[in-house]
Amino acid sequence: MKVEFKARRLDLLRMHLDVIREAFKQAVAPDRVTVEYPRERKKYPANFRGIIVFDKDKCISCFRCAHICPANAIQMTFYEKAWPGIDYTKCIFCHFCVDSCPTGALRSTKIHDIAFATMGEMKLNAVQMLKAPELTREDSFTVEYVVDPQGWRLEKKAEIDELALEQFIIPEKRRVSVCVDPESCLGCRLCVELCPNDAISVDRKANKLNILPEKCTGCGICVRNCPMKVLELKEVK
Amino acid sequence: MQEWQIVLPEKKHKKKFFGNLLEEVIKPAICSHCTACAAICPVKGITAGDRPIDFPNWLKDCVDCGACVKVCPRWDYRPLGGVGSYIEMFSARSKRFLGQDGAMVTEFTATALEEGIVERAIFVARDEEWRTRTVSIIDPEQLKNRKITGTKYSFADVLPAVKEAVLDSKAVAFVGTPCMISALRKMQRSFRKFERVKLAIGLFCTENFYHSQLSEFLAKKGVAMKDVLKTDIKKGKFIVKKADGEITFPVKELDGIIPPGCKVCQDFSAVEADVSVGSVGSEAGFSTVLVRSDIAKRIADAIRARGYAEFRDASLEAVKKLCDYKVKIHPYPPKKEG
Amino acid sequence: MIEVLIDLIRYFLSILKSNQLDIPLIKPIIALIMKIVAQIPIPYLSNLVDLILAVILWRPLFAVVVMPGLTVLMIYLLYIVWFERKLTARIQWRVGPLEVYRPLRGAIQALADGIRYLFQEAIVHKDAHRPYFVQLPILAFIPVLLPIAFIPAGNVVGIKSPYAVQLTIAFISLIPITVIAIGWASNSRFAFIGSVREALMYVAYEIPFIVAAISMIFLYKSGDPYIIVENQWIPGAILNPLAFLVFLIAMLMATSRLPFEIPEADQEIAFGPFVEYSGILFGLVMVLAYEKLYVMALLFTILFLGGWNGIYISLLGDLNAPIWLTIKTIVVISIIAMVRSMYARYRIDQAIRIGFSWLLAFSMVALAIGVVIGYEGGI
C-alpha cells in the first residue's frame, strides 16, 4: 500500500489530537447513558412483555393459552372454570398466551423485576395472578432514551412510571360453534361431552343434536375434537 | 339454536353398537377386514393392522355412535357379484409406469392428478419384507417408485388413510379391494364428506392374506419375503418371482390361510368401483380395465388423448368366467361342511 | 543514670531543633499547644510534647514520612484509584464505582478494597517458591520507596545528595527485576509469560529512559536537584521537548499503563506476573505499580516542570516547596491516568519496535540537544 510517508505521519498526529480532544470533551460533558437502576427506572414502551395478570371474568376456558405456550409453563386448574396458572420457572415471557387469548383475559404489565424467595413460590396459580404483584418502588426518577438528529441521550424526569396498566381493549369478536356439514355428522356426541359450558346437547330419544349459541363462548374445544371436522367457529354479528 | 338430526341404525342386539358388530359380523367370521369401521370410529378404538378387527375394552370405551355399523359392508350382507355395469372395457399397458401387469392403476391415478380431478391419492407401499403401509401421493413422480406400484397380497389400512385425507383435501382417490369399495360406497351414503373421494379404483380380487400368515407359509416353502421380487396369482397358481428363479404352487394350497371373511365374498370385479383393473382377460404385461363411471371415462379419454398407454382388446369371457367361479365357490350363507 | 539519659535526650533535641521546618502559619498554633500543655500539672509533659513536635517537624523526617513521603503517598493512592476509575468511566460513558458510600458516590472504594484485602485469605499455592513468593512483594518496595528519601522539596529533604537524580534513576531501574522475580516465584504459566513480557518491555524502555534523563543532566550540568530546579526559569519541557516526550512515553511503558499495559494485560494474560496473588499480597502488588508511577512522576516534575518552583506564599514558609511539588506531581499523574481511557493496547512486538526505533532515536537527539545547550554555557 503506497502511502505518502509524510502524509501518514501527519494523519497519525491529527488522529492523536482527535482522540485527546474527544477524551477531554467526554471528561467534561460525558455522553453517558447509564441508568442508575434501581434509583432510576427506564421507561418501558407500551408493548413491554412483563409479568402477566389474569382477569377471571373474561376467561372462557378455551385452553388456547395452555396449548400455545412454547415452554409448557401454563397449567389449567379448575376453580369456577378452568383457569390458567403460570409457572415462572419455565415462562420465557414470549406472551404467546396473551396474544392467543380471544377475550383478553391475560394481560401484560410493565413489571419485570420480581424476586421469589423459593422455587416453589414461582409456580403461580390463577388466583395469585388476579392482581399485579406488589413491588417496593425504590425509584424516584424515570429515564427515557430520546433519539433525535443529534444522536441519542438520556432524559431524566422526576416522575414515577405506572407499571400495572396495559389495558389493551381487544375488540370483541364473538364467535360461536356452528355445524357446517350435518350430513357428515357421525352422531358420536364427543362435542356434547367436551363442551365446558353445556352449549351442545343431545336428545337421545329424537336423535337430535343442538347448539345453543347464547351459551357457547367460542372456546373451540368441540371444533378441535370433532372426528369428522363438521363444526366451525363463525362470527356472530 | 341450531339443530340437526342423526340417523342411528337399528340394533340387532341389546349391546353397544360395536357389540352388535361383534355378534353379527366378526363372530360369524364374515368380516372382510376392509377396515372401514376402524377408519370411522370417533374414539379410534377399533384396531386393524395385521390382526383381525377388534375393539379392546369396547364395553367401556365404545361411545355407541353406530358409525361402524353404518359403514360395514358385511352388516345386512347382500353379496354383489358378476361383471357389473361398465361404460367401456379394454386392455392397456402404461407407457410411463411399471406396475403389476400394465400399471393401469398407476396410470389412472397419475392422469387423475395431472388433470386436477383429484389432489391426493392413497396408495399402498411395501418395505423389504413386503409389509404394507399407506402412502399419500400428490405428485405423479412419486409413482415411479416400484415399492409403491404393484400388488401386495396383504391387508393394509387403506380406509383410515382415506378418512384422514378426506378431512384435509377436497378430492381424493384410492385403490382398494372390492370390499373396501363397497365399504366406501356405504360411507358415502351415510356421511356426505366421503363424497370427496372422487375416484375409487377397484382391483380384481379373489382373496387377501394376513402378512404374518403369508410370510410363514412362504418360509415353509423355503422362500424368505425379502428375496421376493414379485407376487402373482394367475390361472389358479400362486407365482413367487425371486432374483434367482420362480416358485409356483396351486392356490388351493393356500386354503388354510385364506381369511374366512374372504370366503363369503362373491365380488370378483369390484362392481361398485369407478374403474376396475386386473390381469384377467389380458395378455402378459397388459391390464384389463373396466371403466364404470363418468369420471373414469374422462380419465380414460385423457390417457388415450395423450397417448400415455397402449390399448388393445380385452377378453370379456375370461372375466365373466372368473366372476361366476367366485360366486360358485363362495356361497352365502356359507354351506356348513359336514 | 537518669542524668545520662536526660543528657542524651537533650543532645538529640539540639540536633532536631537545628533542622526544623519553618512554617510561619503554624507557629502560633504550636505556641498555643505549648501554653495549654504547660497548664496541665504532669511532670515532664511539656518536655515530651516539645520532643514530639520537634521530631515531627524535623526536616528529614518530615520529608520522608509526611511530604513528599509516605503520608502523601497514602493519600495519593486513595486519590489516584478513585480519580482514574471515575475519569476513565466518565470518558467511556460509564459511571465507575458508585455504591460503596452513596453520599460520596463511591469515592472511598479504594479504602474498602484495601480493607477487604486484609480480610481475604492470601493463598500460597503448592507450586510456588514459598519464601520468594511471600517476601518478594515486600522486598519489591525497597527500590520503590528508597528514592523518596533522596528527592528534595525545597528545604525539606531526607538525604541531601548531589547525585539524587542518578540515584533515583538507578533505583527505578531495579524495580522490574523484582517484578520478573515475582513472576518466576509464582511458578505458573501465565506468570511466566508475564515475566517474559515484563523483561522484554524493561529492555525496550530502559535505554531511552536513561538517555533522556541523562540528557537533562547534561543540560543542567548537574545531577543535583537543587541546581536543576534553580536553573529552570524556563521549564525543562520547553528547553528539551524531545526528552520530555521520550520520558513521558517511557513512563507509560515503565508503569504498565495503557497503551503499554503489556505484562499485565487483563484480557490476554490474566494479570501476568501477579496472577497467583490474593489477599494482602495482592493489595501490595497492586500498589507497587502506582508507587513506581509516583516516584517517576516526582522525577519528571523535577526535571521538566520546574520542581517546586511556584508562587511563594510567605505564610507557608518551608511548606511551599513540598506543596507545589505535590500539586505538580498530582497533575502529571492525573493526565497519565487519563491517557489510559483513550488508547488501546499495543502488541508486544509493536511496543518493542517503538522502544528500539523511535524512542531510542529521539532520545539520542535529545541527548545531543542537551549536550549542546549545556555546553553553551548554561541558561
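Would you confirm, using the coordinates I've provided, whether C:R85 is surrounded by 12 or more Cβ atoms within 10 Å (Cβ to Cβ), over 27 Å from the mean Cα position of the chain (by Cα), among the charged types (D, E, K, R) and closer than 30 Å to C:T329 by Cβ? Criteria not met by C:R85. Applying the selection to the stretch A:86-124, what residues are at pLDDT below 90, farther than 16 Å from A:I60 by Cβ and touching a strand residue (DSSP E or B) at 6+ places or on another chain (Cβ under 8 Å)? Those that are at pLDDT below 90, farther than 16 Å from A:I60 by Cβ and touching a strand residue (DSSP E or B) at 6+ places or on another chain (Cβ under 8 Å): A:S108, A:T109. For the stretch A:207-237, a residue qualifies if it is within 8 Å of chain B (Cβ to nearest Cβ) and part of a loop (DSSP other than H, G, I, E, B), and the qualifying residues are A:N207, A:L212, A:P213, A:P227, A:M228, A:K229, A:V230. Residues in the stretch C:300-323 that are assigned to a helix (DSSP H, G or I) and either surrounded by fewer than 21 Cβ atoms within 10 Å (Cβ to Cβ) or in contact (Cβ under 8 Å) with a residue 40 or more places away in the chain (or both): 11 in all. The set of residues from the stretch A:140-152 being in contact with a strand residue (DSSP E or B) (Cβ under 6 Å, 6 or more places away or on another chain), of a type in the set (D, E) and either in a loop (DSSP other than H, G, I, E, B) or free of Cβ contacts under 8 Å to residues at least 40 places away in the same chain (or both) is empty. Screening A:I111, A:I74, A:I86 for residues that are surrounded by 17 or more Cβ atoms within 10 Å (Cβ to Cβ) and within 30 Å of C:R94 (Cβ to Cβ) leaves exactly one candidate, A:I111. Exactly one residue out of A:E40, A:E22 is more than 30 Å from C:Y343 (Cα to Cα) and of a type in the set (D, E), and it is A:E40.
With respect to the stated conditions, B:L322 is surrounded by fewer than 21 Cβ atoms within 10 Å (Cβ to Cβ) and within 16 Å of B:D267 (Cα to Cα).
Looking only at the stretch C:75-87, decide whether some residue is on the phi < 0 side of the Ramachandran plot, of a type outside the set (S, T, Y) and not in a helix (DSSP H, G or I).
Of all residues in the stretch C:75-87, those on the phi < 0 side of the Ramachandran plot come to C:75-87.
Now drop any that are not of a type outside the set (S, T, Y), which leaves C:75, C:77-78, C:80-87.
Then keep just the ones that are not in a helix (DSSP H, G or I); that gives none.
No: the stretch C:75-87 contains no residue that is on the phi < 0 side of the Ramachandran plot, of a type outside the set (S, T, Y) and not in a helix (DSSP H, G or I).
The helices (runs of 4 or more DSSP H) falling completely within the stretch B:1-83 that include 3 or more residues that are surrounded by 22 or more Cβ atoms within 10 Å (Cβ to Cβ) and within 14 Å of chain A (Cβ to nearest Cβ) map to B:36-40, B:67-71.
One residue alone among C:L25, C:L5, C:L32, C:L45 is within 34 Å of the chain's Cα centre (by Cα) and not small (G, A, S), and that residue is C:L25. Of all residues in the stretch B:245-268, those satisfying the criterion of being surrounded by 14 or more Cβ atoms within 10 Å (Cβ to Cβ) and either assigned to a loop (DSSP other than H, G, I, E, B) or touching a Lys or Arg at 6+ places or on another chain (Cβ under 6 Å) (or both) are B:I258, B:P259, B:C265, B:Q266, B:D267, B:F268. May I ask you to verify whether A:P70 is within 14 Å of chain C (Cβ to nearest Cβ) and in contact with a helix residue (DSSP H, G or I) (Cβ under 7 Å, 6 or more places away or on another chain)? Here the answer is no, as A:P70 does not meet what is asked.
Among residues of the stretch C:89-111 that are more than 8 Å from chain A (Cβ to nearest Cβ) and part of a loop (DSSP other than H, G, I, E, B), those with a beta-carbon under 8 Å from a residue that is exposed (fewer than 15 other Cβ atoms within 10 Å of the Cβ) and of a type in the set (D, E) at least six positions away or on a different chain give the pairs C:G106/C:E99. Within the set B:F123, B:F97, B:F108, the sole residue that is assigned by TED's automatic domain parsing to the domain that holds B:S315, among the hydrophobic types (A, V, I, L, M, F, W, C) and over 19 Å from B:A300 (Cβ atoms) turns out to be B:F123. Residue pairs whose Cβ atoms lie under 7 Å apart, sitting 6 or more positions apart in sequence or on different chains, and linking a residue in the stretch A:184-204 that is within 7 Å of another protein chain (Cβ to nearest Cβ) to a partner that is polar (S, T, N, Q) and outside any loop (DSSP other than H, G, I, E, B), are A:L190/A:N225. Scanning the stretch C:38-53 for residues that are among the hydroxyl-bearing types (S, T, Y) and touching a helix residue (DSSP H, G or I) at 6+ places or on another chain (Cβ under 9 Å) yields a single hit, C:S46. If I filter the stretch B:223-236 for residues that are touching a Phe, Trp or Tyr at 6+ places or on another chain (Cβ under 7 Å) and under 18 Å from B:Y325 (Cα atoms), do I get at least one hit? No; the residues of the stretch B:223-236 include none that is touching a Phe, Trp or Tyr at 6+ places or on another chain (Cβ under 7 Å) and under 18 Å from B:Y325 (Cα atoms). Report yes if A:F63 is away from chain C (no Cβ under 14 Å), surrounded by 13 or more Cβ atoms within 10 Å (Cβ to Cβ) and at pLDDT 90 or above, otherwise no. It is false that A:F63 is away from chain C (no Cβ under 14 Å), surrounded by 13 or more Cβ atoms within 10 Å (Cβ to Cβ) and at pLDDT 90 or above.
Going by the conditions given, is B:K170 surrounded by fewer than 14 Cβ atoms within 10 Å (Cβ to Cβ), more than 29 Å from B:K27 (Cβ to Cβ) and under 20 Å from the mean Cα position of the chain (by Cα)? Talk me through it step by step, then tell me what you get.
Details: surrounded by fewer than 14 Cβ atoms within 10 Å (Cβ to Cβ): yes; more than 29 Å from B:K27 (Cβ to Cβ): yes; under 20 Å from the mean Cα position of the chain (by Cα): no.
Answer is no for this residue.
Entry remark, the stretch C:167-195: residues being part of a helix (DSSP H, G or I) and either touching a His at 6+ places or on another chain (Cβ under 7 Å) or surrounded by fewer than 16 Cβ atoms within 10 Å (Cβ to Cβ) (or both) number 6 in total. Selection of the stretch B:14-44 for residues being polar (S, T, N, Q) and in contact with a Lys or Arg (Cβ under 7 Å, 6 or more places away or on another chain) yields B:N20, B:S32.
Looking at the stretch C:101-115, is at least one residue of a type in the set (D, E, K, R) and modelled with pLDDT of 85 or more? Checked the stretch C:101-115: at least one residue is of a type in the set (D, E, K, R) and modelled with pLDDT of 85 or more.
Residues of the stretch C:226-262 that are under 20 Å from the mean Cα position of the chain (by Cα) and in a loop (DSSP other than H, G, I, E, B): C:T255, C:S256, C:R257, C:L258, C:F260, C:E261. Within the stretch A:34-60, being within 14 Å of another protein chain (Cβ to nearest Cβ) and surrounded by fewer than 14 Cβ atoms within 10 Å (Cβ to Cβ) holds for A:Y37, A:P38, A:R39.
The values are calculated or read from the model by the stated rules, or taken from the named source; none is laboratory data. Everything quoted here is computed from the prediction, not taken from an experiment. Please note: Cβ atoms are built from the backbone with ideal geometry, for glycine as well, and neighbour counts cover all protein chains shown.
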